[in-house]
Amino acid sequence: MTKLTNKIAVITGGSTGIGLATAKTFIDEGAQVIITGRTQETLDKAAAEINSDRLTAIQSDTSKLDQINDLAERVNAEYGRVDILFANAGIAWFAPLADSDEAFFDAHFNTNVKGLFFTIQKIAPLMTNGGSIILTASAVVHKGFENSSVYSATKGAVRNFARTLSTELSPRGIRVNVVSPGPVETPLFSKMGMSEEELKGMAEGFSQMVPMKRFGASDEIAKAVLFLASEDSSYVLGEEILVDGGIATI
């Protein structure tokens, strides 16, 4: 039997990268999957790539609270419950202290912290007792990478949500855990607001810092998310799984 048979899973930021890879994995394991993305174009592309009648794609921007409300209402109307929430939507732009203005700061916190928090708030009432919430943090939580202060701060908040929300939701048997990727080859990496030359230099630098000397693949992260979503991790609560090639610990 597959691990997620008859489960209903919501994946924010599910149209590209880690979210898309996880959607494919969940569907392979028997789940009904709802993915969100900011643009209809990327959602249509993801739906065509997955090509499954167990996939629903909903346009929703995690930084906008009214769209989070609309998402929760639609999921409730169409499915009536949620068994798994993978709160994965996020942005990552790197900039030095001197170049980080208010708009840069707010963009990160509105999506990575505020949007994630209120997504959980709105979806939690729909979740079945014994459900699983997985959050995407990052290996940056554990090291001080240059030019990453704002992004790292948001992911530190995400890591802490797993602890505090676990305490609050555990009476319902809902487990909240975190997956923290290292450098991963996803479209997110190309959206950091850097030139091609800067991105190339950053990629080479990160590759050298990773003990395994390579970037990770999205499906490698998806396997860890599957573990946290399934009964295989039934005694795991408030925990973080680093899938980072060793960059944070070696």
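Laboratory data are not the source of any read-out in this text; all were calculated from the coordinates shown. All values derive from a computational prediction rather than experimental measurement. Reconstructed Cβ throughout: ideal geometry from the backbone, glycine too, with neighbour counts over all protein chains shown.
Of note:
- Within segment 145-188: backbone nitrogen closer than 15 Å to the Lys213 label point (7 Å, Cα to C-beta): none
- Here the spin labels are modelled as points 7 Å beyond Cα on the Cα-Cβ line, and at Ala77 and Ala103 they lie 3.5 nm apart.
- The packing ranking of peptides 164-175, 110-121, highest mean first, is 110-121, 164-175, where packing means the average number of other beta carbon atoms within 10 angstrom of each residue.
- Mean sequence separation of contacting Cα pairs (under 8 Å, at least six apart), scaled by the length of the chain, corresponds to a relative contact order of 21 percent.
- Largest GNM mean-square fluctuation across Glu185, Glu239, Glu196, computed for the chain with C-alpha springs under 10 Å, falls on Glu196.
- Vicinal HN-Hα couplings computed from phi for segment 84-100 (Karplus, 6.51 cos²θ - 1.76 cosθ + 1.60; Hz; Gly/Pro x): 9, 10, 10, 7, 10, 4, x, 10, 8, 10, 9, 7, x, 3, 5, 9, 9
- For segment 71-160, the set of GluC sites (Glu not before Pro) satisfying both a DSSP loop assignment and a count of at most 10 other C-beta atoms within 10 Å is given as Glu146.
- Spacing of the two label points (7 Å from each Cα toward its C-beta) at Gln121 and Ala203, in nm: 3.9
- Estimated FRET transfer efficiency when R0 is 25 angstrom, pair Ser149-Ala48 (beta carbons, to 0.05): 0.05
- Gap separating the Cα centres of segment 22-93 and segment 139-185, nearest whole Å: 21
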